[in-house]
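In what follows, a single structure is set out as structure tokens and then discussed.
The values are calculated or read from the model by the stated rules, or taken from the named source; none is laboratory data. Keep in mind the model is a prediction, meaning the values are calculated, not measured. So basically every Cβ, Gly included, is an ideal-geometry build from the backbone, and we count neighbours across all protein chains shown.
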């Protein structure tokens, strides 16, 4: 680094390291960008899932044709009470002082990067597991499986049809589909690009300033985000920002402790919980791969 390692520079070192951690985190998150983020100061967080169905009259069709002067039909909105608990994501490394001042590589900078990536990946995996409901067959999100012989890495793939089916399911649940996002694995990205090339379509070009955080561009009305946290042979199609909220107790931050002439400890932490507020705004697609990859 461009600053020294003397004990007098502790406050400067902490400030610089924390800035690095936050910059790395902002550039590394893949799934945190598809959910809303809201602060919380509670360990146990309660939210309410609203029934997304369009409300009707008590008999299913009495909104139309109310007689002049007659009583209005009454309709009630349904909510489900759900609670989630905060989860702590934390990692640290203790660097020996002699390695800091005599190493052939910038071990401090590399440690900051790798420790931050570890926490960020843990948060992304947490969000993936909750959005996909741990791939349970009896979840609240919508789901369908691709038939054998039509997986995305086979010649029988019809990826456009699968994407449109997911979009239709989201629309039937009364959510907008103008900005839906597909969360895919690196392997499925390769399959999708080959599919578009084979069918004569061109994968969209992406401006340099937005080619980050896993964003791959938009095709067939769907934004694509590549993420290593995605379980093999699965993909999610969702309405970003609407589907879920990340309740943030402790945002990504760091703390450094210098033991003069002995070591430097670097800690990175984030604490939060995912509230799957709108499960029907998520469609889980399974069997995207003929072989696990």
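Worth a mention:
- For the stretch 122-145, the set of residues classified as assigned to a loop (DSSP other than H, G, I, E, B), surrounded by fewer than 18 Cβ atoms within 10 Å (Cβ to Cβ) and in contact with a helix residue (DSSP H, G or I) (Cβ under 9 Å, 6 or more places away or on another chain) consists of 139, 140, listed by residue number.
- Filtering 241, 247 for residues that are under 16 Å from the mean Cα position of the chain (by Cα) and either part of a strand (DSSP E or B) or surrounded by 22 or more Cβ atoms within 10 Å (Cβ to Cβ) (or both) leaves a single hit, 247.
Condition check ((1) crowded, with 17+ Cβ neighbours inside 10 Å; (2) in contact (Cβ under 8 Å) with a residue 24 or more places away in the chain; (3) touching a helix residue (DSSP H, G or I) at 6+ places or on another chain (Cβ under 9 Å)) across all residues:
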| site | (1), (2), (3) |
| --- | --- |
| 87 | no, yes, yes |
| 99 | no, no, yes |
| 106 | no, yes, no |
| 116 | yes, yes, yes |
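Listed here are the residues, each with its yes/no results for (1) exposed (fewer than 12 other Cβ atoms within 10 Å of the Cβ); (2) at pLDDT 90 or above; (3) out of contact with any helix residue (DSSP H, G or I) (no Cβ under 6 Å at 6 or more places or on another chain).
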residue	(1), (2), (3)
177	no, yes, no
183	no, yes, yes
187	no, yes, yes
191	no, yes, yes
194	no, no, yes
200	yes, no, yes
206	no, no, yes
209	yes, no, yes
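- Residue within the stretch 263-281 that is assigned to a loop (DSSP other than H, G, I, E, B), touching a residue at least 60 places away in the same chain (Cβ under 8 Å) and surrounded by fewer than 16 Cβ atoms within 10 Å (Cβ to Cβ) present: no
Yes or no, residue by residue, for (1) closer than 21 Å to residue 280 by Cβ; (2) modelled with pLDDT of 90 or more; (3) outside any strand (DSSP E or B):
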| site | (1), (2), (3) |
| --- | --- |
| 58 | no, no, yes |
| 66 | no, no, yes |
| 69 | no, no, yes |
| 72 | no, no, yes |
| 75 | yes, no, yes |
| 84 | yes, yes, no |
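- The set of residues in the stretch 146-163 being surrounded by 14 or more Cβ atoms within 10 Å (Cβ to Cβ) and either modelled with pLDDT of 95 or more or under 16 Å from residue 287 (Cβ atoms) (or both) consists of 146, 150, 151, 152, 153, 154, 157, 158, 159, 162, 163.
- Filtered residue count, the stretch 146-171, keeping only those that are in contact with a helix residue (DSSP H, G or I) (Cβ under 9 Å, 6 or more places away or on another chain), free of Cβ contacts under 8 Å to residues at least 24 places away in the same chain and part of a helix (DSSP H, G or I): 0
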